[in-house]
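One structure below.
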Amino acid sequence: MDEAAHITYNKAVEELREREYPMLQGTTYLDHAGTTLYPKSLIERFSADMVSNLYGNPHSASNASQLTTRRIEDVRLQLLELFSADPEDFEVVFVANATTGIKLVMDAFRDQENGFWYGYHRDAHTSLIGVRETATEHRCFATDAEVVDWIRQPTQQDGRARLFAYPAQSNMNGRRLPLDWTQRIRAANDKGATYTLLDAAALVSTSPLDLSNADHAPDFVVLSLYKMFGFPDLGALIVRRSSAHAFDKRRYFGGGTVEMVVCLKEQWHAKKADSLHERLEDGTLPIHSIMALDSAITVHKELYSSLEHVSQHTSFLAAKLYKELASLRHGNGQKVCQIYADLASYYGDAATQGPIVAFNLHNDSGGWVSNAEVEKLAAIKDFHLRTGGLCNPGGIASSLGLAPWEMHENFSAGQRCGNENDIMRGKPTGMIRVSLGAMSTLKDVDSFVAFLREFFVQSKPLSAMAPALCEEVELSSTSRLHVESLSVYPIKSCAGFSVPPGQAWEVYPEGLAWDREWCLVHQGTGAALSQKRYPKMALIRPSIDLAKGVLRVGLAGLLKGTTAADEITVPLSADPRLFADNAVYRNASAKVCGDFVQAKTYKSSQISAFFSQALGVACHLARFPAAGSGSGFSPRHSKAHLQKYQRARSLRIPGAYPDAAPVVPGVCVSKPILLSNESPILTISRSSLNRLNELIKADGGKAAQAEVFRANIVVAENPDCPPGLEDPYAEDDWRYLRIGEQYYEMLGACRRCQMVCIDQQSAERDEEPFSTLAKTRRFDGRVYFGEHTCHVPVEDSSIFKQNPSITVGDAVQPYREDEISQDSRLWSLVG
Ligand SMILES: *Cc1c(COP(=O)(O)O)cnc(C)c1O
């Protein structure tokens with residue numbers, strides 16, 4: 001196809017997509033290497049087939065059973081035809097997914113008399129690598145040259161079976177590996193001692209695979225059919241008949257694979273002899289999935305005519321995407337994308353490269369952007385992509401230059417697939433993968449590039465976008481700031497409760513009284529529920545009724561009327577009789593932000609029913625016993641700390657060293673906290689919020705309410721402060737606050753995620769304020785708003801000693817690093 005033909009084809013795909021993929025409305029889907037989507041006609045065709053035919057379990061004489069058997073035989077044939085494989089030469093074995101196909105081959109080799117030698121290519125998927133654990137000897141080939149070298153060398157004659165496995169296409173960066181290796185291995189090892197296993201799971205969703213020459217074909221090919229068609233969830237193992245004897249040694253037999261089994265007194269069985277699939281398909285076949293495959297193959301042909309078309313179209317798109325990403329530059333000329341392409345592959349050449357681009361992002365000073373941040377923005381902008389280790393350990397390690405010791409070290413330091421620590425010791429530990437499929441279009445490519453431009457291409461250095469740093473504000477004896485509002489969040493992730501004006505609210509080292517004392521835990525997993533997954537939690541409205549001594553929980557908006565009772569009350573006192581017995585499973589520890597905390601669940605079925613009905617998920621209310629209550633659990637500790645960009649500002653202090661610790665080390669090290677995420681108290685500034693909202697509105701976006709930041713303390717300028725004198729983001733430099741008569745330490749800026757985009761009135765997701773925050777408040781690739789805070793206890797042995805408290809309207813005096821010594825009481829506390 002020439003350029004014009006590609007554009008015409010693209011147009012046709014756009015129209016087809018309107019019709020066939022209604023679920024894609026408003027989203028940009030770039031995760032075809034993970035899960036391809038199914039077209040509407042496929043589901044319609046399949047359901048019509050299901051409701052008009054009666055399919056019975058095979059192997060009985062009924063018509064329904066005979067129909068099933070006949071159809072299954074048909075589908076096996078159709079699948080082979082898709083790959084031009086002659087049924088004389090090949091046989092299809094249905095399996096649950098590609099991994100199960102790999103394991104079936106592994107079973108056969110593990111059961112060989114002398115075990116087996118296993119070789120696999122560096123680009124292998126995790127599922128291929130796992131086979132080595134059962135091999136007597138194994139080798140990972142780090143380069144293509146090593147493979148070619150090994151093929152040339154004579155095979156060692158040790159009477160051991162040998163299996164060489166590799167992916168036809170890397171699931172990491174889409175590189176397509178040479179398909180002629182199988183034929184060369186067979187030619188070189190004419191003794192028939194080395195078998196080949198081709199993992200075609202990633203390849204065939206966007207490329208044909210030609211098995212017409214059985215002499216050249218791999219002995220075993222595994223496929224993920226859902227990656228080709230989106231549906232059904234089924235895999236296949238295609239076996240070359242002349243290599244089928246490799247399975248003779250497989251010891252296990254499942255239902256349906258044997259003619260006879262004797263198990264009393266004598267142990268004997270006879271395997272089915274007619275066909276390989278009869279011997280390998282353990283248990284009942286997934287018959288409805290196989291019927292669906294019939295529809296899938298038919299509909300795919302109707303929509304796309306052939307895999308060759310899909311291949312040409314996706315290659316064209318990928319070449320464009322690659323070119324665009326490779327040419328992105330920051331304002332200062334620094335390149336934006338580090339792309340991990342193989343030297344042996346070329347975008348635009350379908351033989352060496354599939355439609356996947358794997359990369360990481362640089363900021364304009366050459367540092368790395370955290371992929372956790374990319375994921376958050378992608379989520380609110382509705383881009384589907386994948387980040388992390390991508391189930392391809394060898395490819396990741398070689399592309400990112402991670403030595404085994406570094407991976408061990410990162411693992412020990414807490415790095416896990418999918419967590420936020422994705423840049424360790426200055427190196428990324430994962431990457432971003434965007435992949436295209438049959439129904440991708442040029443629009444997808446364009447909108448993804450526009451997304452990167454919007455959020456990750458810096459036209460001028462970020463520091464210039466940050467608020468002015470050195471504006472000297474004289475420390476005055478009369479404070480310009482006050483506490484505008486106070487909120488507590490009695491149930492983690494549910495709505496906040498506003499402390500009534502005039503009410504003195506107690507403050508503890510763990511935070512404000514009644515803040516995050518409760519949480520909801522999933523009945524199955526024991527994990528604490530969060531708004532990120534259950535946005536409707538914003539509509540659960542707890543309030544603290546000190547007069548009656550109860551926590552009152554009501555519902556708002558959409559949740560009204562979803563429960564039998566409109567409201568429930570729970571005593572504030574932690575009466576042990578309310579809680580489920582220690583012995584029962586419900587008392588499982590709740591997992592909060594990766595830490596295990598011993599939360600006690602309420603045993604009242606009425607309480608559980610209230611929350612379960614409201615959210616539509618089976619959960620219990622749980623209580624986190626107050627720290628120091630002698631309940632024998634260890635409290636969680638604050639992980640908040642000054643962020644690098646805040647420390648860098650200490651540069652202003654004459655003589656301070658760039659990364660030096662603050663002059664005053666801080667007294668709140670490792671504060672105990674309850675269920676709040678990182679620190680005892682979160683403080684935000686009204687003028688910072690105003691600044692943020694001005695920017696959002698200037699772009700036509702929806703202004704954010706203070707509630708979305710889930711702050712405890714909102715600090716605002718006094719009403720008589722002239723408008724021009726607002727001081728947004730001054731809190732970045734605050735180290736201590738005096739609020740009323742109490743002192744608080746600022747522990748560092750609070751890192752944000754897309755949870756701030758959930759409207760706390762409607763529980764709907766928006767792209768703001770995260771989108772604007774990401775453009776204006778990103779430091780070292782992370783997005784910050786608000787400050788972690790903790791109360792600094794004062795030793796007071798006088799008889800007037802009272803519990804420290806905070807009240808709406810209290811005067812607020814901030815102290816920057818260089819101002820601490822100006823307050824003698826503060827200096828004596830921390831100096
Ligand atoms: C997805 C994939 C697999 C695993 O497939 P499952 O069907 O999930 O078992 C294996 N190899 C490659 C190359 C893949 O892309």
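Of the conditions (1) within 16 Å of the ligand (Cβ to nearest atom); (2) in a helix (DSSP H, G or I), G34 satisfies every one except a single condition; which number is it?
In the conditions (1) within 16 Å of the ligand (Cβ to nearest atom); (2) in a helix (DSSP H, G or I), G34 misses (2) alone.
When you look at L264, is it touching a residue at least 40 places away in the same chain (Cβ under 8 Å) and in the same structural domain as T143 (by the TED database), yes or no? It would help to see each step written out before you state the result.
Values: touching a residue at least 40 places away in the same chain (Cβ under 8 Å): no; in the same structural domain as T143 (by the TED database): yes.
For L264, the condition - touching a residue at least 40 places away in the same chain (Cβ under 8 Å) and in the same structural domain as T143 (by the TED database) - is not met.
Being in contact with a His (Cβ under 9 Å, 6 or more places away or on another chain) and either under 18 Å from N97 (Cα atoms) or outside any loop (DSSP other than H, G, I, E, B) (or both) is the requirement here; does E278 meet it? Talk me through it step by step, then tell me what you get.
On the way: in contact with a His (Cβ under 9 Å, 6 or more places away or on another chain): no; either under 18 Å from N97 (Cα atoms) or outside any loop (DSSP other than H, G, I, E, B) (or both): yes.
No.
Can you name every residue in region 20-53 that is surrounded by 12 or more Cβ atoms within 10 Å (Cβ to Cβ) and over 30 Å from F448 (Cα atoms)?
Selection gives E44, R45, F46, S47, D49, M50, N53.
So which of F94, F164 is within 16 Å of the ligand (Cβ to nearest atom), of a type outside the set (K, R), in a strand (DSSP E or B) and more than 30 Å from L343 (Cα to Cα)?
F94
Please return the ranges of strands (runs of 3 or more DSSP E) entirely within region 317-416 where 1 or more residues are within 16 Å of the ligand (Cβ to nearest atom), out of contact with any Ser or Thr (no Cβ under 7 Å at 6 or more places or on another chain) and modelled with pLDDT under 90.
Working: elements: 337-339, 356-361, 386-388.
The qualifying strands (runs of 3 or more DSSP E) are 386-388.
Of everything in region 703-720, what is more than 19 Å from P769 (Cα to Cα) and either part of a loop (DSSP other than H, G, I, E, B) or touching a Phe, Trp or Tyr at 6+ places or on another chain (Cβ under 7 Å) (or both)? Give them in sequence order.
Passing the criteria: N718, P719, D720.
Residue check: is G56 at positive phi, assigned to a loop (DSSP other than H, G, I, E, B) and either more than 16 Å from the ligand (Cβ to nearest atom) or buried (at least 19 other Cβ atoms within 10 Å of the Cβ) (or both)?
Judged against the criteria, G56 is not a match.
Does P154 qualify as being free of Cβ contacts under 8 Å to residues at least 60 places away in the same chain, away from the ligand (no atom under 16 Å from the Cβ) and touching a Leu at 6+ places or on another chain (Cβ under 6 Å)? Lay out the reasoning, then the answer.
Values: free of Cβ contacts under 8 Å to residues at least 60 places away in the same chain: yes; away from the ligand (no atom under 16 Å from the Cβ): yes; touching a Leu at 6+ places or on another chain (Cβ under 6 Å): no.
So P154 fails the test.
Can you find a residue that is away from the ligand (no atom under 16 Å from the Cβ), of a type outside the set (D, E) and either out of contact with any His (no Cβ under 6 Å at 6 or more places or on another chain) or not in a helix (DSSP H, G or I) (or both) anywhere in region 122-135? Don't jump to the end; show me each part of the working.
The initial filter retains those residues of region 122-135 that are away from the ligand (no atom under 16 Å from the Cβ), namely 133-135.
Next cut, of a type outside the set (D, E) only: 134-135.
Narrowing further to those that are either out of contact with any His (no Cβ under 6 Å at 6 or more places or on another chain) or not in a helix (DSSP H, G or I) (or both): 134-135.
Yes, region 122-135 contains at least one residue that is away from the ligand (no atom under 16 Å from the Cβ), of a type outside the set (D, E) and either out of contact with any His (no Cβ under 6 Å at 6 or more places or on another chain) or not in a helix (DSSP H, G or I) (or both).
With respect to D215, is the statement that it is within 16 Å of the ligand (Cβ to nearest atom), touching a residue at least 12 places away in the same chain (Cβ under 8 Å) and either in contact with a Leu (Cβ under 9 Å, 6 or more places away or on another chain) or part of a loop (DSSP other than H, G, I, E, B) (or both) true?
No.
Can we say H245 is under 32 Å from the mean Cα position of the chain (by Cα), surrounded by fewer than 16 Cβ atoms within 10 Å (Cβ to Cβ) and not charged (D, E, K, R)? Show your work before the answer.
Values: under 32 Å from the mean Cα position of the chain (by Cα): no; surrounded by fewer than 16 Cβ atoms within 10 Å (Cβ to Cβ): yes; not charged (D, E, K, R): yes.
Taking the combined requirement at face value, the residue does not satisfy it.
Cβ-Cβ under 6 Å, sequence separation 6+ or interchain: first residue in region 123-150 and hydroxyl-bearing (S, T, Y), partner more than 16 Å from the ligand (Cβ to nearest atom). Which pairs?
Cβ pairs passing all conditions: T134/R110; T136/G115.
Can you tell me which residue in region 105-121 is farthest from the ligand (Cβ to nearest atom), limited to those that are touching a residue at least 40 places away in the same chain (Cβ under 8 Å) and within 17 Å of A244 (Cβ to Cβ)?
Restricting to residues being touching a residue at least 40 places away in the same chain (Cβ under 8 Å) and within 17 Å of A244 (Cβ to Cβ), the top hit is Q112.
Which numbered condition trips up G255, out of (1) out of contact with any strand residue (DSSP E or B) (no Cβ under 9 Å at 6 or more places or on another chain); (2) not in a loop (DSSP other than H, G, I, E, B)?
(2)
The values are calculated or read from the model by the stated rules, or taken from the named source; none is laboratory data. These numbers were taken from a predicted model, which means no experiment stands behind them. Cβ atoms come from the backbone with ideal geometry, glycine included; neighbour counts cover every protein chain shown.
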